[in-house]
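Heads up: the structure comes next, in structure tokens.
Nothing in this text is a laboratory measurement; each read-out follows from the coordinates by a stated rule. These numbers come from a predicted model, not from an experiment. Every residue, glycine among them, receives a Cβ derived from its backbone with ideal geometry; neighbour counts consider all protein chains shown.
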Amino acid sequence: TCLDPRFERIMDEFAEINRRVFRVFARLPVKFVLCHDDIVCTRGPICSPAWMHKYIFPRYEELWGIVKDADKEVLFISDGCMDAYADDVIACGARGIISEPYTDYKPIARRYEQDNLFLAGEGDNRILNRNDPEEIDAMVRSMVETAHMTGGYMMSIGNCIPWNVNPEGIKRYLDRSAEWAHR
């Protein structure tokens, strides 16, 4: 169905609804707008690049332009591995990407080192849950290394910290982050 040319009309209807939402966002007294759209899963894209370039990215550019014209920045959030679409999302006007540890953050940070890009979500709850001090320390060091490549970075466990994650691993992560993650 989504490959049928008539599908464009459905996407136009969704875009019109979203235009209204983004016009409201543009009037809010905030500096950032979070846009969450799960366009990827843990292994990468859900839809083909051709489909995304036809139906999604042009609409992102338009919608984000509404809030950017009001001097607001867009931070894009997606679960999964953003490697395939990070450049596209940034080209559409996102100031940053918040995702999960399935994303390879360092190449993204390197490509946009001079562009004041914001990144978050590189930390992995599976590492915290194993509670191996050396592994947690290595993860935090790696995150700090990425942070130094960007104009903005938030120490963050991208796949969240559910109730069953080892509290000792969480504490070690937070302690090491407080100790090492500063500019």
(Q) If each residue of separation counts as 0.36 nm, what is the full-extension length gain between A138 and R183 once their alpha-carbon separation is subtracted? (A) 14.4 nm
Q: Calculate the spin-label point distance for A91 paired with V21, positioning each point 7 Å from the Cα along the beta-carbon direction, and give it in nanometres.
A: 2.4 nm
**Q.** Per-residue ³J(HN,Hα) for the range 148-159, Karplus 6.51 cos²θ - 1.76 cosθ + 1.60, θ = phi - 60°, Hz, x for Gly and Pro
**A.** 6, 8, 10, x, x, 8, 10, 4, 7, 8, x, 9
Q) If we sort 117-127, 12-22, 138-148, 169-179 on the protection proxy, mean other Cβ atoms within 10 Å, highest first, what's the order? A) 117-127, 138-148, 169-179, 12-22
Q: Rank-order 33-46, 94-107 by packing density, defined as the average count of other C-beta atoms within 10 Å over each peptide's residues, highest first.
A: 94-107, 33-46
Q) For A84 and W51 in one chain, what is 0.36 nm times their gap in residues minus the Cα-Cα distance, to one decimal in nm? A) 10.5 nm
Q) Three principal axis extents, largest first, for the C-alpha atoms of the range 1-99, in Å? A) 39, 29, 18
Q.
How much of the pair distance distribution for the chain lies past 29 Å, counting alpha-carbon pairs only, in percent?
A. 28 percent
**Q.** Scaled radius of gyration (Cα, divided by 2.2 N^0.38 Å) that the range 101-183 gives
**A.** 1.06
Q) Under a plain spin-label model, where a point goes 7 Å from the Cα along Cα-to-Cβ, how far apart in nm are L174 and R126? A) 2.5 nm
Q) Which residues in the range 128-158 have a backbone N closer than 13 Å to a point placed 7 Å from the Cα of R110 along the Cα-to-Cβ line? A) 146, 149
Q) Based solely on its DSSP helices, what 222 nm [θ] is calculated for the chain when runs of n ≥ 4 H residues each add -39,500 (n - 2.57) and the sum is averaged over all residues, nearest 500 deg cm²/dmol? A) -13500 deg cm²/dmol
